[in-house]
């Protein structure tokens with residue numbers, strides 16, 4: 001077994017869709033980034049890559065590479081899962097926390113879990129997603145951005 005952690009943050013801006021866990025969430029702003037800027041999935045990818053000792057998503061999917069422009073982060077996660085399987089591992093469990101003052105995310109979490117379970121090729125029972133505010137503190141609390149952290153355990157096949 002190996003453990004990894006991941007963290008990501010993106011700025012909220014007008015004119016972009018808000019995608020979290022592969023789910024488009026109706027909101028007046030979206031996350032700015034080279035890909036779809038899905039901080040939840042980015043944190044998951046970094047946690048898995050960390051557990052594998054394979055650095056981070058910037059190394060594997062650089063924002064200077066045009067092929068990743070506006071790409072779905074779930075597509076990138078599929079590539080990380082392929083790498084994990086090539087190394088002989090699978091998800092043991094995964095726990096994600098999303099920090100956002102707005103919008104409220106609880107109604108979207110079941111679809112996020114389904115998306116992750118499908119791509120990670122595991123049971124939903126091995127996954128957990130929590131959403132919290134920062135009580136108006138920090139950039140998340142001021143509505144300037146959203147962040148996500150993830151810890152995962154991978155186990156040998």
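Being over 14 Å from the mean Cα position of the chain (by Cα), surrounded by 18 or more Cβ atoms within 10 Å (Cβ to Cβ) and within 20 Å of residue 4 (Cβ to Cβ) is the requirement here; does residue 154 meet it?
When the stated conditions are applied, residue 154 passes them.
Any idea which of (1) over 24 Å from residue 139 (Cβ atoms); (2) in contact (Cβ under 8 Å) with a residue 24 or more places away in the chain is the one residue 23 doesn't satisfy?
So residue 23 meets the others, but not (1).
Please name all residue pairs, on different chains or six or more residues apart, with Cβ atoms under 8 Å, provided the first residue is in the range 31-60 and is free of Cβ contacts under 8 Å to residues at least 24 places away in the same chain and the second residue is assigned to a loop (DSSP other than H, G, I, E, B).
Filtered contacts from the range 31-60: 32/16; 60/54.
It is to be established whether one or more residues within the range 63-80 are free of Cβ contacts under 8 Å to residues at least 12 places away in the same chain and either in contact with a helix residue (DSSP H, G or I) (Cβ under 8 Å, 6 or more places away or on another chain) or in a strand (DSSP E or B) (or both).
no
Say whether the condition of being in a strand (DSSP E or B), in contact with a strand residue (DSSP E or B) (Cβ under 7 Å, 6 or more places away or on another chain) and modelled with pLDDT of 95 or more is met by at least one residue in the range 107-122. I'd like the intermediate steps shown before the answer.
Filtering the range 107-122 down to residues in a strand (DSSP E or B) leaves none.
No, because not a single residue in the range 107-122 is in a strand (DSSP E or B), in contact with a strand residue (DSSP E or B) (Cβ under 7 Å, 6 or more places away or on another chain) and modelled with pLDDT of 95 or more.
Hey, residue 102 hits all of (1) in contact (Cβ under 8 Å) with a residue 60 or more places away in the chain; (2) within 21 Å of residue 145 (Cβ to Cβ); (3) buried (at least 19 other Cβ atoms within 10 Å of the Cβ) but one; which does it fall short on?
(3)
The values are calculated or read from the model by the stated rules, or taken from the named source; none is laboratory data. All of these numbers come straight from a predicted model, not from anything done at the bench. Here the Cβ is made from the backbone with ideal geometry for all residues, glycine too, and neighbour counts use every protein chain on show.
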